[in-house]
Amino acid sequence: MADKVWSGRLPAGMDTGFEAFARSLPADLHLFSHDIAGSLAHLHAIRQAGLVSDAEAERVEAALRDIATAGPEAFPWRDSDEDLHTAIERLVVERVGEAGLRLHTGRSRNDQVATASHLYARQEAAALARACLDLADAVLAQAEAAGDQVVVGMTHLQPAQPVLLAHHLLTYAWMAGRDAERFLAASASASRWSPLGAGALAGTGFPLDTAREAAEMGFLAPYPNSIDAVSDRDYLAELTFAAALATSHLSRLAEELILWSHPSFGRVRLGDAFVTGSSMMPQKRNPDSAELIRAKSAGVIGDLVSLLSLLKALPLAYMRDLQEDKPPVYRAVQAAKESLALMCSVVRTATFLPAEPVYGDLSLATELADHLVAGGVPFRIAHAVVGKLSATAEELGGNFARLTRAEFQEASPLFATGLATLLDPHQAVQRHRVIGGTAPAAVKEQMVSLRELLAELRQREGHAR
Ligand code: ARG
């Protein structure tokens, strides 16, 4: 079994069970185009340093480009291919012979795999930022369509205060905007330093222009420390954390869509294409799309924990443990991508139903207390006065309008005026004009800042590609 790049040292070969256990090729396939991009940059560096002739370099380059064009599905990978990096090197050598045997000059798989992982993370993080921005746009469109519709906002899942439906929905657009920012930051982390030139851990003795090589791949500069270059996986942890938080946000939105689509909430109807029926109960419209999105986030959180657990306590520099960084990152990226895309469609096709609170709804209690405060009553006393009124209103069927004028004025003479306005949910939201408040004017301003932020992030995402 003289088929490993290191067979000169260990000619007897590996135990077959160990070989299969150690093989990373299937999980490496996500790195296919990135590994080739790294090899091309490295080839240019060793050519410039005179370590391969121009003629050899051109043949190797043509082979690498050929392999890239064919794509990872085109090749019958061998069980003896230890990983993607050695497998692609094998393909090059099969095509161009000795010239291919020079490609690995001044390079180790340690800086090679780190380079490919950086390029992968940069690309996927930018794509995920884009997906978050698409979701933010979809939510913003629904918020715009909601106009001045009022719903009862909740805390503890109990009726709290009237808010604009748009205001509630926009919260998810802000979350998606922050997620996009986090993915862009992860993309920037991955694009900062190039590992090539670090070799196994100590750098290389060959005079490679690694700064030029870094620039060719779109990095700012080579890693300032070659040991850090081969052992750093922070950029992958950042990407996976961004995915875990983004999918957690999706799970919150999913949960609300599930609750809101229950007839007792009656606040949303999901599109027919995003609900399922029951095998037994003919009337059912089950929100499985939202349920599965809610569930997916659990796996992504697990992936983040796997990655961090893998990295903790690892000695420097490269350890084979680091090979196991790939599956959790790929899984997290894949789940986040799919969940974001599906949620985008679910939001676009959902119909938010008119579910406005009626005149006199108990959620206006804080307005009543604030009215007393405006008349000079200390808030704690006002709270107690309206607390009593709320209890009576609840006994009478849960609406302040059931109380008589006399009952109100007995509670406080300040209720002699303005009661009709106080009990109108639309008037209530109008008063909440503070920055970030739920007054229609404040929500319009909020949408202006949100649109500005999303436009800026779109631009940054365009540059990150
Ligand atoms: N497949 C390996 C990985 O993903 C490549 C590096 C192997 N390096 C080594 N020194 N054995 O980490």
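All of (1) part of a loop (DSSP other than H, G, I, E, B); (2) over 13 Å from Gly100 (Cα atoms); (3) not small (Gly, Ala, Ser) hold for Val52 with one exception: (2).
In the range 256-267, the residues that are within 13 Å of Ala350 (Cβ to Cβ) and among the β-branched types (Val, Ile, Thr) form Cβ pairs under 9 Å with partners that are assigned to a helix (DSSP H, G or I) and at pLDDT 95 or above, at six or more places apart or across chains, as follows: Ile258/Ala290; Ile258/Glu291; Ile258/Arg294.
Within the range 150-170, the set of residues being crowded, with 16+ Cβ neighbours inside 10 Å and of a type in the set (S, T, N, Q) comprises Gln161 only.
Quick check: anything in the range 280-290 within 16 Å of the ligand (Cβ to nearest atom) and either under 19 Å from Tyr120 (Cβ atoms) or crowded, with 17+ Cβ neighbours inside 10 Å (or both)? Scanning the range 280-290, I find no residue that is within 16 Å of the ligand (Cβ to nearest atom) and either under 19 Å from Tyr120 (Cβ atoms) or crowded, with 17+ Cβ neighbours inside 10 Å (or both), so the answer is no. The C-beta contact set for the range 73-88 (first residue under 12 Å from Ile36 (Cβ atoms) and touching a residue at least 60 places away in the same chain (Cβ under 8 Å), second residue within 13 Å of the ligand (Cβ to nearest atom) and assigned to a loop (DSSP other than H, G, I, E, B), distance under 8 angstrom, 6+ apart or interchain) comprises Leu84/Ser24; Ala87/Asp81.
Residue by residue, here is whether (1) touching a Gly at 6+ places or on another chain (Cβ under 6 Å); (2) within 11 Å of the ligand (Cβ to nearest atom); (3) in a helix (DSSP H, G or I); (4) over 21 Å from Phe32 (Cα atoms) holds:
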{"residue": "Ala298", "(1), (2), (3), (4)": "no, no, yes, yes"}
{"residue": "Ser309", "(1), (2), (3), (4)": "no, no, yes, yes"}
{"residue": "Leu314", "(1), (2), (3), (4)": "no, no, no, yes"}
{"residue": "Asp321", "(1), (2), (3), (4)": "no, yes, yes, no"}
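Residues in the range 323-366 that are of a type in the set (Gly, Ala, Ser), within 30 Å of Leu419 (Cβ to Cβ) and part of a loop (DSSP other than H, G, I, E, B): Ala355, Gly360.
If you go through the range 412-439 and keep only what is hydroxyl-bearing (Ser, Thr, Tyr) and touching a His at 6+ places or on another chain (Cβ under 7 Å), you end up with just Thr438. Scanning the range 249-289 for residues that are in a helix (DSSP H, G or I) and either among the aliphatic types (A, V, I, L, M) or at positive phi (or both) turns up Leu250, Leu253, Ala254, Leu257, Ile258, Leu259, Ala273. When Gly398, Gly387, Gly436, Gly462 are checked against the criterion of being of a type in the set (Gly, Ala, Ser) and either more than 20 Å from Val152 (Cα to Cα) or in contact with a Lys or Arg (Cβ under 6 Å, 6 or more places away or on another chain) (or both), a single residue qualifies: Gly462. The residue list Ala125, Ala99, Ala136, Ala131 contains one member that is open to solvent by 10 Å² or more (accessible area, probe 1.4 Å), away from the ligand (no atom under 14 Å from the Cβ), at negative phi and touching a residue at least 40 places away in the same chain (Cβ under 8 Å), which is Ala131.
Conditions tested, residue by residue: (1) of a type in the set (A, V, I, L, M, F, W, C); (2) closer than 30 Å to Ala22 by Cβ.
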| site | (1), (2) |
| --- | --- |
| Ala335 | yes, yes |
| Ala341 | yes, no |
| Cys344 | yes, no |
| Glu395 | no, no |
| Phe400 | yes, no |
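The values are calculated or read from the model by the stated rules, or taken from the named source; none is laboratory data. Only a predicted model underlies this, so the values are computations on that prediction, with no experimental measurement involved. Note that we place each Cβ from the backbone using ideal geometry, even for glycine, and neighbour counts take in every protein chain shown. When the accessible area is computed, the model is the full protein with side chains, heavy atoms only, and any ligands, DNA or RNA have been set aside. Shrake-Rupley method; radii C 1.70, N 1.55, O 1.52, S 1.80 Å.
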